[in-house]
Amino acid sequence: MREELRIYLTLVIASIRARMEYKASFLFLFFALLVYYLAQVGVIVIVLTKFGSIAGWTLGEMAFLYGLMVFSQGVTTVMFGSLNEFEGQIISGDFDRLLVRPLSPLLQILSSGFEISTVAHLFIGTTALYFGSKSSGVEWTLLKGLYLPVVIGGAVLIQGGLRLGVAAVCFWTIRNRSLVHMLVYSSKEMIFYPISIYHWGMQLLLTIAFPLAFINYYPSHYFLSREGADLLFHPFIQYLTPMVGAAVFALAYLLWRLGISRYQSAGN
Amino acid sequence: MIENVGAIKNGVMARSKGAEEKLFDALERFPALSLYIKFAFKAFQRQLAYKFEYFVGVVNGLIFIFIFTSLWKNIFSNSQATESVGFTTSGIVSYAVFAMIIRISMSQDDLGVMGKIRTGAIAMDMIKPFNFFGVTLAENVGGTMFHWFTRAAPILAVCLIFFDVSLPRHPVNYLLLAVTWILGYLIYFMVNWLFAMLAFWVIETFSFQLMKYGMFTLFSGGIIPLDFFPDFIRPAVAYIPFMYILYVPTASFIGHISPAEALGFIAFQGVWVATLGLASVVVWRAAQKKLIIQGG
C-alpha cells in the first residue's frame, strides 16, 4: 500500500510538471479562468446588491457557501479530474494498458489529471471562504478550524464519488460524455444558491438521492452558526457531510468494481 | 421490437429524403441562394444524429430555468425592494423562462471554425468556390433552426405547463421578437466569428473562449436583466454587444419594454450588425493574408 502511494504521488508530480511546461500560456489561462469565474460570481453579487439577500443569506454568507463549493471542487479536480475524460480511454482502448500494469487501474487514472483550473479553484475558493467568514463574522473556534478540513474531505468524497460513478457507467455504455455534462457540471449550478429557494421536492432530491447539498449548504449552517429555521430536516444534518461523503464514495467504488469485473474491451 | 423501430425510422428517413430532394430541385432555380440553404439543411440533419446529447440539452435547459425561476420567486416574495425594480413576480419569471429559451435556440458551434483553422482544414474551404463566412453562417442557421424545433419548443411546452408563464397575446410582440431575434442572432454569430478568427494569430484560443463565455453569461441578459445592474455599470453594458443578443429580444417579447423603446434598441442592434459585419470582413481579409498552413 505504501509503495502504491509513492508511485501515485510520483505520477501526480509528473503531471503537474507537464502542465507547467509553458509558463506564459499557463498564466494567461489562469487569468482567463479568473475572468470566467468572476462573471459567475458577478451574477450573484449583482443580485445581492440589488436585493440585499437571497433566502435570508447575505453577501458574506453567500460567499462562504460559494467558497466551500469551489474550494472542495478544486481539491476534487486534483484527485478525480481525469475521470471526466474516462470515456476517451475506454473508446481508444488505452484503458486495457492500465489493466496489465502492477498498480491499481483506478490509481493510475487518478494520478494523471492535474489541471490549471485546479489552481484557479483553490485560489477563488480560499478568497471566498476568507472574505465570507470575515464579512459574516464567523467566530473561529478550535473545533471549527479542525472540522473545516473534515468537511472539505467529505465534500471531495461526494464529488469524487459522483465522478467515479459516472465514469463507471462507461463499462456498460462506453460513452458517458452527456452524462458527465449533466451530472457533474450542470447539476453543480444548483448549489450556487441556498437550496431553500427550491421546491421541497428538489430539496429532498438534493439531500437524499443526489446529495449535493452536503457539499456546502448543510455544513455552512454549522460554520455560520445559522439558526437552521430554513432547514427541512433536523439541524443535526449539518454534521453529516463526512458520513455522506464516505457513503457516496463507497457506493461509487462498488459500481466501479462491478463494472471492471464485467468489462470487455471495445477493441482497437 | 428493435427491428420495428429501425423500420419506422428508415421509413421516416426515406420520406424526409424525398422531401429534401424536392426542395433542392425547387431551389435549383435560385442558384445563388440554394447553395447556402443546402448547407443549412445539412447542418440541421447532422444535429439529428446525436439523440442522447439532445435529451441532455433539453434537461440542462430545464435545470437552468428551474434554478432561476426559483431564485426570482424566492427573492420577489421576500424582498420589500421589488416594487422599484420594474418587474412583477410573474414578469421576472417569464423573463427568466424566455431568456433561457432564446439562449437555447441559438446554436453555438464556435469550435468548428476554430478547429478548421488550427488543423489547417480551412485551406480546403478557402479554395472552394463559395464565401466561407456565408457558409459558416448558413450552417449555424441550420443548427439554430434545429434548436428551435427540438429544444426551444419542447422546453417552452414544459414551461407553459409547469412554470406558470404564458405567451404574450399581442401580435406586435411576435413581430418584435422576430426582428430582434434575427438581429441578435447575427450579432451573436459575428462575435463568435471574430473570436474564432483569433486562432489565425494565437495558438491558445481556449482562454479567449473562456473570457468570451464569462462576459456573455454576465452581460447578455440571459440570467440577469439589464435593469438589475448597478447604475454605474449599466451605461457601460449598453456599449458592448452582449446585451443586444438576449436582453433585447426577451424584453421586447414579454413586453417589459414598450414597442417604442424596442424600436430604439432595434436601431442599436442594426448599428452593431453593421459594425461587426464590417469588422468580420476586414479581419477575414487580414486572416487570409496571414494564413500559413503547417503541412498537410
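On a C-alpha basis, how far is the centre of the range B:246-295 from the centre of the range A:206-224 in Å? Whole number, if you could?
What the calculation gives is 43 Å, centre to centre.
Averaged over all directions, how much area does the convex hull of the C-alpha atoms of the protein assembly as shown cover when projected, in nm²? The partial results should precede the final answer.
Working: hull surface 121.0 nm².
Projected over every direction and averaged, the Cα hull of the protein assembly as shown covers 30.3 nm².
Could you give the nm distance between label points at residue B:149 and residue A:103, where each point is 7 Å from its Cα heading toward the beta carbon?
According to this spin-label approximation, the distance is 5.1 nm.
Expressed as a whole number of Å, what is the distance separating the alpha-carbon centroids of the range B:150-189 and the range A:35-106?
That distance is 32 Å.
Please compute the length gained on full extension between residue B:133 and residue B:170, using 0.36 nm multiplied by the number of residues separating them and subtracting their Cα-Cα distance. Please report the intermediate quantities before stating the final value.
Details: separation 37, 0.36 × 37 = 13.32 nm, distance 3.62 nm.
Contour length minus Cα-Cα distance gives 9.7 nm.
May I ask which of A:134/B:212; B:42/B:128; B:212/B:290; B:212/B:289; B:116/B:289; A:50/A:144 have a Cα-Cα span longer than 27 Å here? Working shown, then result.
Working: A:134/B:212 32 Å; B:42/B:128 17 Å; B:212/B:290 23 Å; B:212/B:289 25 Å; B:116/B:289 16 Å; A:50/A:144 32 Å.
Those over the limit are A:134/B:212; A:50/A:144.
Any idea what angle helix A:142-168 forms with the longest principal axis of chain A, computed on alpha-carbon atoms, 0 to 90 degrees, nearest 10?
Between helix and principal axis, roughly 40 degrees.
Looking at B:246, B:197, A:125, which one has the Cα that reaches farthest to the positive end of the dipole of the protein assembly as shown (charges on Cβ: Lys, Arg +1; Asp, Glu -1)?
Farthest along the dipole direction, towards plus: B:197.
How large is the dipole of the protein assembly as shown about the Cα centre if only Lys and Arg carry +1 and Asp and Glu carry -1, each at its Cβ, rounded to the nearest 20 debye? Don't skip to the end; give the middle numbers.
Details: 38 positive and 29 negative charges, 209 e Å.
Computed charge dipole of the protein assembly as shown: roughly 1000 debye.
Just to be sure I understand the curve: with the Debye formula and one point per C-alpha of the range B:50-290, what is log10 I(q)/I(0) at q = 0.09, 0.13, 0.14 Å⁻¹?
Treating every Cα as an identical point scatterer, log10 I(q)/I(0) equals -0.41, -0.85, -0.97.
Taking the Cα centre of the range A:2-261 as origin, sum charge times position over the Cβ atoms of Lys and Arg (+1) and Asp and Glu (-1), and report the length of that vector in debye to the nearest 20.
Numbers: 16 positive and 13 negative charges, 61 e Å.
For this selection, approximately 300 debye.
For the modelled label position 7 Å from the Cα of residue A:6 along Cα-to-Cβ, which residues of the range A:74-118 have backbone nitrogen atoms closer than 16 Å?
Flagged as within label range: A:102-104.
Rule-based calculations on the coordinates, nothing more; no lab input. It should be emphasised that the depicted structure is a prediction, and the values quoted were computed from it without experimental measurement. Glycine also receives a Cβ, built like all others from the backbone with ideal geometry; neighbour counts cover every protein chain displayed.
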